[in-house]
Every structure is written in C-alpha cells, then in structure tokens.
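Contents: one structure, followed by commentary.
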Amino acid sequence: MFLFWIISFLAKLYILVIIAQVAMSWLIAFDIVNADNDAAVRLTTLLKKLTDPVFTPLRKYIPPMGGMDFTPLIVILSLQFIPYLLISLFFL
C-alpha cells in the first residue's frame, strides 16, 4: 500500500509540473510574461526539460487540433488512472 501512495504522490507532483508548463506557455503566448525575462526563460526551460520526454513521443500520434495541443491533457488523465491500475493489478 505504501508503494501506491508513493506512485500516487509522484503522479500528482508531475501533474503539477505539467500544469505549470501549460500555464507558462499560455502566459508567454498571450504576452503576460515577457519571453525575454531571464527568470521566465529559466523556468520555461526547466519545465520543458521535465515534460518533453513524455510529450514528444505522444505528439507523434496526437497532432494538434485547431491549434490546441491536447498531449498535456492526455498525460494528466493517464497519470490519474495509472496508480489505480497498478493497485488493481498488484493487490487484487
């Protein structure tokens, strides 16, 4: 059961990273945050390094629709489902 809590915590933490990355990209796209700001560039680079290894393979199969990238949404939904799938496989 402890393993479930660890996996669940890590999944929720990664979901927060994804939400932060999406929010930063929107803030920069709508020019609310200046893209030349050094802190914004460092934060965006860090968030992209954390999320791109997961997003890049999925983007090959999930193209943007109407200019919207649905890859973060699909990853978030998957991360919500994975801990429960693992507990049902290992403990039931």
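Quick notes on this structure:
- Estimated from helical segments only, the mean residue ellipticity of the chain at 222 nm is -27000 deg cm²/dmol, where each DSSP H run of four or more residues counts as -39500 (n - 2.57).
- Gain on full extension, evaluated as 0.36 nm per residue between residue 70 and residue 37 minus their Cα-Cα distance, stands at 9.2 nm.
- Straight-line cross-link partners of residue 12 among the lysines, defined as a Cα under 20 Å from its Cα and at least 8 positions apart when in the same chain: 48, 49.
- Once both labels are positioned 7 Å from their Cα atoms along Cα-to-Cβ, the gap between residue 10 and residue 50 label points is 1.5 nm.
- Square roots of five times the Cα gyration tensor eigenvalues for the chain, Å: 29, 16, 10
Quick note: the coordinates plus some simple rules give every number you see, no bench work behind them. Worth saying up front: this structure is predicted, and the values here are computed from it rather than measured. Backbone-built Cβ (ideal geometry, glycine too); neighbour counts: all protein chains shown.
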